[in-house]
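Heads up, the thing below is written out as structure tokens.
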Amino acid sequence: MPAEPGRERGPLGHVLILGGTTEARRLAEALARQDAYRVTTSLAGRVAAPVLPPGGTRIGGFGGAAGLAAWTAAHGVTHLIDATHPFAERMSFNAAGAAALSGVPLLALRRPGWTPGPGDDWTFADSLAGAAALLPRLGGRAFLTTGRTGLHVFAELTGTWFLVRSVDPPAGPVPPRLEVLLARGPFGLEEERELLARHRIDVLVTKDSGGSATAPKLTAAREAGIPVLVVRRPAVPAGVVEAGSVEDALRWLGTAVAGAAGPGAGSEHSAHTAKS
């Protein structure tokens with residue numbers, strides 16, 4: 001059913017954040033302080049007890065691009081922000097498809113990727129399967145930080161010992177030599193140093209998630225002289241306006257509102273604002 005006026009939309013509209021990241025939560029918090037928008041954050045539901053951001057929340061999928069477009073129409077969404085994990089490839093393409101179907105402005109809030117620095121020993125793979133193929137030649141005791149849902153890709157590596165840290169226990173096929181630490185981040189540099197030393201880790205496997213929240217493990221690996229196997233980011237939808245920070249996303253929202261009020265503010269101006 002259509003949203004009730006005044007409940008689903010604030011003075012400047014209704015922002016739907018496709019969330020699950022630190023940036024998504026920070027954006028919801030910033031918008032809650034402004035009290036100018038109705039804000040709903042959508043979470044995939046992969047964590048049993050997620051930390052909920054301020055504002056409205058919904059958990060679960062939409063049923064593809066068409067389902068997301070229908071939801072935005074039914075709830076009076078005026079701005080759509082894809083702040084999902086950089087590896088949530090399907091959701092990002094669904095967001096682009098929904099924006100095209102509905103005409104709702106879309107912004108992709110994507111944290112910048114990591115780049116190796118002096119002293120780093122990084123090897124890159126294009127996929128989890130590629131990382132699994134390369135791993136045995138890099139080390140025998142791996143700290144695997146690519147997420148619990150992809151463990152099945154490494155299940156046939158019988159000669160490698162794995163340490164996995166996640167909020168919830170993994171399910172499905174897993175490597176036979178596996179230790180799981182149940183913990184919720186973020187984790188500081190001293191914690192990561194201690195973990196690598198205590199478990200005698202000799203290779204770190206990670207996705208290029210970017211951002212600062214999970215970067216201490218990279219610093220700890222560099223300090224310990226441990227090689228890092230990095231899975232590159234997947235392709236992203238073409239033509240979507242991008243922002244690299246919460247501050248840029250807030251500026252884009254201001255530009256989008258100004259553009260709706262009068263002529264002369266198109267997508268070119270929005271893209272410049274988001275990336276400036």
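The values are calculated or read from the model by the stated rules, or taken from the named source; none is laboratory data. Treat the numbers as computed from the prediction; the structure is a model and nothing was measured. We work out accessible area using only protein heavy atoms, side chains counted, and drop any ligands, DNA or RNA first. Shrake-Rupley method; radii C 1.70, N 1.55, O 1.52, S 1.80 Å.
Segment Leu134..Ser212, full-extension length gain: 25.5 nm, with 0.36 nm per residue of separation and the alpha-carbon distance subtracted.
Counting only protein chain heavy atoms and rolling a 1.4 Å probe, the accessible areas of Arg198, Arg46, Arg193, Arg148 rank, largest first, as Arg46, Arg198, Arg193, Arg148.
Output the 0 to 90 degree angle, nearest 10, between the alpha-carbon long axis of helix 189-198 and the longest principal axis computed from the alpha carbons of the chain. The answer is roughly 30 degrees.
Against the chain, whose longest principal axis comes from its Cα atoms, helix 246-261 is set at around 20 degrees.
In the chain, the calculated helix contribution to ellipticity at 222 nm averages -10000 deg cm²/dmol per residue, counting -39,500 (n - 2.57) for every DSSP H run with n ≥ 4.
Could you work out what % of the accessible surface of segment 179-237 is carbon and sulfur, using a 1.4 angstrom probe and leaving DNA, RNA and ligands out of the count?
Working: 1450 of 2690 Å².
Roughly 54 percent of what the probe reaches on segment 179-237 is carbon or sulfur.
Matching the structure-derived Cα extents along the principal axes in Å against the labelled list (i) 61, 38, 31; (ii) 94, 45, 43; (iii) 68, 49, 36 gives the label (i). Applying the Karplus relation 6.51 cos²θ - 1.76 cosθ + 1.60 with θ = phi - 60° to segment 222-230 yields 3J(HN,Hα) values of 4, 4, 8, x, 9, x, 10, 9, 10 Hz, where x marks Gly and Pro. The Cα atoms of segment 1-119 define a convex hull whose projected area, averaged across directions, is 8.7 nm². Using only the alpha-carbon atoms, how far is helix 89-102 inclined from the longest principal axis of the chain? Give it as 0 to 90 degrees, nearest 10. On a 0 to 90 degree scale, this one is about 10.
Within the accessible area of segment 56-174, the carbon and sulfur atoms contribute 57%, probe 1.4 Å, all protein chains present. When the residues Glu190, Glu247 are ordered by accessible surface, computed with a 1.4 Å probe over the protein chains alone, the sequence from largest down reads Glu190, Glu247. The relative contact order of the chain comes to 18 percent, based on Cα pairs under 8 Å that sit 6 or more residues apart. Separation of segment 70-141 from segment 10-59 is 18 Å, based on Cα centroids.
For Ser127, the residues whose modelled amide H falls within less than 5 Å of its own, excluding neighbours fewer than 5 places apart on the same chain, are Arg232.
Extension gain for Arg33 to His199 (0.36 nm times residue separation, less C-alpha to C-alpha distance): 55.5 nm.
Volume of the convex hull of segment 52-134 (Cα atoms only), normalised per residue: 151 Å³. All C-alpha to C-alpha distances of segment 38-187, sorted into 5 Å bins beginning at zero, yield P(r) values of 2, 7, 14, 16, 16, 14, 12, 10, 6, 3, 0 percent in whole numbers. Here the Gaussian network model covers the chain, with springs between Cα atoms less than 10 Å apart; of Ala98, Ala238, Ala132, Ala238 fluctuates the most.
Excluding ligands, DNA and RNA, the accessible surface per residue across segment 73-169 is 43 Å² with a 1.4 Å probe.
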